[in-house]
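Below is one structure, written out as structure tokens; the observations come after it.
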Amino acid sequence: MSRSAHPAGPRHADVLPEGHYAAPPADLSALDRKIWARTVARGDDGTVAVGGIPVTRLAEEFGTPAYFLDEEDFRARCRAWAEAFGPGADVFYAGKAFLSRAVVRWLYEEGLNLDVCSGGELRTALDAGMPAERIAFHGNNKSAEEIERAVAAGVGRIVLDSFQEIVRVAHTAQRLGRRQKVLIRVTVGVEAHTHEFIATAHEDQKFGIPLAGDQAAEAVRRALALDGLELVGIHSHIGSQIFDTSGFEVAAHRVVGLLKRVRDEHGVELPEIDLGGGLGIAYIPGDDPREPHHIAKALHEIVGRECEAAGLRSPRISVEPGRAIVGPTAFTLYEVGTIKPLEGLRTYVSVDGGMSDNIRTALYDAEYSVVLVSRASDAAPMLSRVVGKHCESGDIVVKDAFLPADLAPGDLIAVPATGAYCRSMASNYNHALRPPVVAVSEGAARVIVRRETEEDLLRLDVG
Ligand SMILES: *Cc1c(COP(=O)(O)O)cnc(C)c1O
């Protein structure tokens with residue numbers, strides 16, 4: 001993505017779509033099973049349904065834009081992760097991907113734990129009845145108030161992210177008469193991307209304490225010495241949208257190296273290792289993420305092997321999938337507005353949402369697919385760009401897409417795999433009203449986060 005000014009001509013002349021969209025798909029109506037939520041299917045009349053309810057009916061009842069979340073799929077994914085890792089490991093859902101009280105209850109019922117990283121997420125989790133001991137609190141700059149609330153609530157883990165925090169949490173716990181279970185987050189020098197990872201000696205980022213050198217060992221020494229803390233393990237999170245386990249292999253090797261050093265220096269074998277989240281999902285055809293059981297088997301083997309080589313007992317493993325649980329379970333439903341064919345270039349299809357409900361395309365160059373869902377069409381493919389209604393030319397939802405050439409205003413199109421980091425990153429840009437999240441299950445749909453209203457906006461504006 002260009003970040004400097006340039007003449008509009010040459011660098012905008014990318015008239016041919018890149019990568020996966022070099023050729024239109026064979027069937028524009030097809031719903032790629034890897035990308036769409038489990039119960040999404042096209043009915044005999046050509047209309048797509050989720051949980052048995054046609055999108056046309058959903059649009060009538062709940063309006064557009066809106067996120068529709070397949071509850072059965074969400075619960076099935078929770079179970080798949082929990083079963084894959086088994087009773088000897090812990091799965092924490094990363095709440096930042098998408099959190100609401102309904103989601104917290106599903107997690108609770110399906111036996112998962114929950115990561116939070118702010119007072120607001122902690123409040124949501126506790127309010128919905130998640131037992132505090134199943135919550136882990138993250139963040140590189142937790143406020144004194146957040147630490148106090150987390151310790152007082154009795155959260156199961158606080159993940160310490162800096163030297164200052166080691167002292168702050170220890171003092172808070174002591175003052176409250178607690179001994180707080182903590183992990184220390186380290187950076188292992190692995191930069192993971194979708195299709196490759198880079199292993200370096202150092203990591204240049206705000207999270208965690210560098211494993212290279214002596215800082216991490218020093219952090220462990222200090223944490224072990226403080227009465228308010230019970231240091232249970234080491235935490236590492238290497239990135240996001242990761243498709244294979246090779247990056248975890250390097251991370252585990254380096255973390256186990258620290259565990260060994262801790263054993264040698266302090267005579268203590270820390271009982272836990274948290275390998276973080278970042279497991280990828282399919283956004284576009286050709287994306288092929290691993291299944292939870294494959295990942296679980298690989299991570300257990302990697303940690304087992306590394307510990308055996310180091311002469312350590314295998315610690316209890318935790319993982320923290322966010323996107324991999326909620327991402328595929330939801331799609332965003334939009335109504336098509338203006339359609340602008342630009343000769344020799346592409347057709348701009350405007351929808352009634354945009355960067356306020358999905359910032360990922362603008363922020364990360366994220367790729368999405370899109371399908372006409374309110375009816376069937378056998379029209380020819382039309383090279384399109386799906387854009388929002390915001391006053392910003394970077395307001396793109398799907399950069400390169402093929403939609404049927406008979407697309408018309410009023411049609412409904414859906415962007416799949418928007419369950420993670422879309423509603424949770426939504427904004428009020430241009431005073432847009434953030435869309436609702438509607439959970440669909442067994443033929444019934446219910447709002448779990450309602451649509452914002454103009455009254456909501458004005459309530460914050462004290463005049
Ligand atoms: C963001 C994050 C996760 C979840 O990442 P996903 O890509 O959604 O799986 C897990 N752990 C930590 C510490 C994170 O920062």
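The values are calculated or read from the model by the stated rules, or taken from the named source; none is laboratory data. Please read these numbers as outputs of a predicted model, since none were measured by experiment. When we count neighbours, we look across all protein chains shown, and the Cβ atoms used for this are built from the backbone with ideal geometry, even at glycine. When the accessible area is computed, the model is the full protein with side chains, heavy atoms only, and any ligands, DNA or RNA have been set aside. Shrake-Rupley method; radii C 1.70, N 1.55, O 1.52, S 1.80 Å.
Observations on the structure shown:
- Residue ranking by accessible heavy-atom surface, 1.4 Å probe, largest first, among 181, 297 comes out as 297, 181.
- Computed from the C-beta positions of residue 314 and residue 195, the FRET efficiency with R₀ = 35 Å rounds to 0.75.
- Ranked by how many other beta carbons lie within 10 Å on average, peptides 150-157, 395-402 from highest: 395-402, 150-157
- Solvent-accessible area of residue 383, all protein chains in place: 30 Å² (probe radius 1.4 Å, heavy atoms, ligands and nucleic acids excluded).
- Å² of accessible area per residue within the chain, as computed with a 1.4 Å probe and no ligands counted: 44 Å²
- Carbon plus sulfur fraction of accessible area for the chain, probe 1.4 Å, in percent: 50 percent
- Of all lysines in the structure, those lying under 26 Å Cα to Cα from residue 260, and not within fewer than 8 positions of it along the same chain, are 181, 206, 297.
- Contact order for region 138-321, expressed relative to its length and based on alpha carbon pairs under 8 Å spaced 6+ residues apart, stands at 19 percent.
- Gain upon complete extension [residue 143, residue 227; 0.36 nm per residue less C-alpha separation]: 28.1 nm
- Around the Cα centre of region 332-455, unit charges on the Cβ atoms of Lys, Arg, Asp and Glu (plus for the first two, minus for the last two) sum to a dipole of about 180 debye.
- Debye, to nearest 20: dipole size of region 138-321, +1 on Lys, Arg Cβ, -1 on Asp, Glu Cβ: 780 debye
- Projecting the Cα atoms of 237, 293, 183 onto the charge dipole of region 175-307 (Cβ charges, centred on the Cα centre) puts 183 farthest toward the positive pole.
- Label-point separation in nm, residue 393 to residue 57, each point 7 Å along Cα→Cβ: 4.4 nm
- For region 285-342 versus region 103-174, the spacing of their alpha-carbon centroids is 23 Å.
- Its relative contact order, with pairs defined as Cα atoms under 8 Å and 6+ residues apart, puts the chain at 19 percent.
- Unit charges at the beta carbon, dipole of region 251-372: most positive-side option, 350, 332, 310: 310
- In summary, the lysines within cross-link reach of residue 340, defined as a Cα separation below 18 angstrom excluding same-chain residues under 8 places away, comprise 389, 399.
- Region 258-278-region 368-434 distance, computed between alpha-carbon centres (Å): 46 Å
- Accessible surface for residue 81 stands near 10 Å², nearest 10, in the context of the full protein assembly shown (1.4 Å probe).
- Principal axis dimensions, region 240-301 - Cα atoms, whole angstrom, descending: 50, 18, 14
- The magnitude of the dipole of the chain, with charges of +1 and -1 set on the Cβ of Lys/Arg and Asp/Glu and taken from the Cα centre, is near 1020 debye.
- Sequence ranges 168-179, 94-105, ranked by mean other-Cβ count within 10 angstrom, highest first: 94-105, 168-179
- In the chain, the DSSP beta bridges split such that about 45 percent are antiparallel, to the nearest 5.
- Residue 377 long-range amide H proximity, modeled H, under 5 Å: none
- In this simple spin-label approximation, residue 364 and residue 338 carry label points 7 Å from Cα along the Cα→Cβ vector, and these lie 3.1 nm apart.
- Ignoring aspartates and glutamates fewer than eight residues from residue 142 along the same chain, the ones with Cα atoms less than 15 angstrom from its Cα are 115, 121, 161, 165.
- Sorting 364, 93, 421 by accessible area puts them as 364, 421, 93; the probe is 1.4 Å, largest comes first, and only protein heavy atoms count.
- For residue 235, residues with placed amide H under 5 Å, excluding near neighbours: 184, 185, 186, 274
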